[in-house]
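This report concerns only the one structure given below.
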Amino acid sequence: MSDETIRITRGQGGEVDVEGPVDGFAASVLKRAGFDTYPQLRGLWIRLPFDLGRTWENEHATWAAEMLTAAHYSVDLDPDLRAPPPAASAPAAPHRTNTAMTTRSAPASTPRRQRR
C-alpha cells in the first residue's frame, strides 16, 4: 500500500475516473463497486461505465471510497460525487402483532364432484 492518495473524480466529459496508486486489492475493491478496468501503455484506466445516471455514479463512487477507506487506503473523493446519506425519516418496519397468529376455524367443506 502506498502513501499516495487514490483520487476518484468526475472528468470534464462527465466520466468518473480513478487516478493514483491502485494495487491488486484496491483494483478488486473498485471492480466490486462497479468500476471497469482498461489496460493502457502506462498502466490502467479505471472508470465507471458511461450513461448510467449521476445518482448511480455517485452511489458507486461513494461506496468505492468508503470500502477503500475501510481498507486503510488514503482516498480523495470529488465532492461532486458524494452520495447523499440515506433519509433519516425512513418509515419504520411494520410492527407485527399477535393477531396474525390467532386460530381460525377451518373452512366449510364443499361437496366433491364424483368421477364418472
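The values are calculated or read from the model by the stated rules, or taken from the named source; none is laboratory data. Source: prediction; values computed, not measured. Quick reminder, even Gly has a Cβ in these numbers, built from the backbone with ideal geometry, and neighbours come from all protein chains shown. Surface areas here come from the heavy atoms of the whole protein model, side chains and all, with no ligands, DNA or RNA. Shrake-Rupley method; radii C 1.70, N 1.55, O 1.52, S 1.80 Å.
For segment 39-87, the tally of residues that are assigned to a helix (DSSP H, G or I) and more than 16 Å from the chain's Cα centre (by Cα) stands at 2.
Given the condition on the phi > 0 side of the Ramachandran plot and open to solvent by 90 Å² or more (accessible area, probe 1.4 Å), answer yes or no: does some residue in segment 43-53 qualify? Can you show your working first?
Filtering segment 43-53 for residues on the phi > 0 side of the Ramachandran plot gives 43, 51, 53.
Those left that are additionally open to solvent by 90 Å² or more (accessible area, probe 1.4 Å): 51.
Yes, that holds for at least one residue.
Report, by residue number, each residue of segment 54-74 that is of a type in the set (A, V, I, L, M, F, W, C) and open to solvent by less than 20 Å² (accessible area, probe 1.4 Å). Give the derivation first.
First, pick out the residues of segment 54-74 that are of a type in the set (A, V, I, L, M, F, W, C): 56, 61, 63-65, 67-68, 70-71.
Selection gives A61, A64, A65, L68.
Scanning segment 29-42 for residues that are among the hydroxyl-bearing types (S, T, Y) and surrounded by 11 or more Cβ atoms within 10 Å (Cβ to Cβ) yields a total of 1. With respect to D76, is the statement that it is among the charged types (D, E, K, R) and in contact (Cβ under 8 Å) with a residue 60 or more places away in the chain true? Yes: the conditions hold for D76.
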